[in-house]
Amino acid sequence: MAEKNVNEQKVQKKSEKDKNGVIGGVVFGIILLFLTYQIYDLLFEFPIGQIGVYILGFLTFICFAVSVSCFFDYKESRKMEKLDEDAKREEKEFSEIDPAKRALKAEKLFRMNQKELMRYYLGWAGTVPEGEYRGRIL
């Protein structure tokens, strides 16, 4: 039984991977920044020290840039996961309704979405265009 638990791996969500990217970029950036400062302090007067400082400084910049990039990916993946969770929850609630009521609710949602679209496309400028919709309440 213990052997089965050792072999199973938990699949990470994309947001967890992105969060690990942010943390890893910051940690390695700080470590490289510390090493860059130490080499600058001790060996900068020698050519090898200058080369080391420039290379480690560039790698530090890359680590922090990756961390920032992963942060924006993390925000986006959290939004996507939240939308997926909401969709699954709504689908579960919708499946629990009996078929007769489900059809009525689907039709009501469809009509409501049509009205919202009409309001958006017809009234976005604050005016209702001339024609067949004038005088009606949408």
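The values are calculated or read from the model by the stated rules, or taken from the named source; none is laboratory data. What you see is a predicted model; the values in this text were computed from it and never measured. Every residue, glycine among them, receives a Cβ derived from its backbone with ideal geometry; neighbour counts consider all protein chains shown. All accessible areas refer to the heavy atoms of the entire protein, side chains included, with ligands and DNA or RNA removed. Shrake-Rupley method; radii C 1.70, N 1.55, O 1.52, S 1.80 Å.
Within the option set Leu35, Leu83, Leu59, being free of Cβ contacts under 8 Å to residues at least 24 places away in the same chain and over 18 Å from the mean Cα position of the chain (by Cα) holds for one residue only, Leu35. Of all residues in the stretch 23-41, those satisfying the criterion of being open to solvent by 50 Å² or more (accessible area, probe 1.4 Å) and not β-branched (Val, Ile, Thr) are Phe28, Leu33, Phe34, Leu35, Tyr37, Gln38, Tyr40, Asp41. Only residues that are part of a helix (DSSP H, G or I) and exposed (fewer than 15 other Cβ atoms within 10 Å of the Cβ) were counted across the stretch 42-65, and they come to 11.
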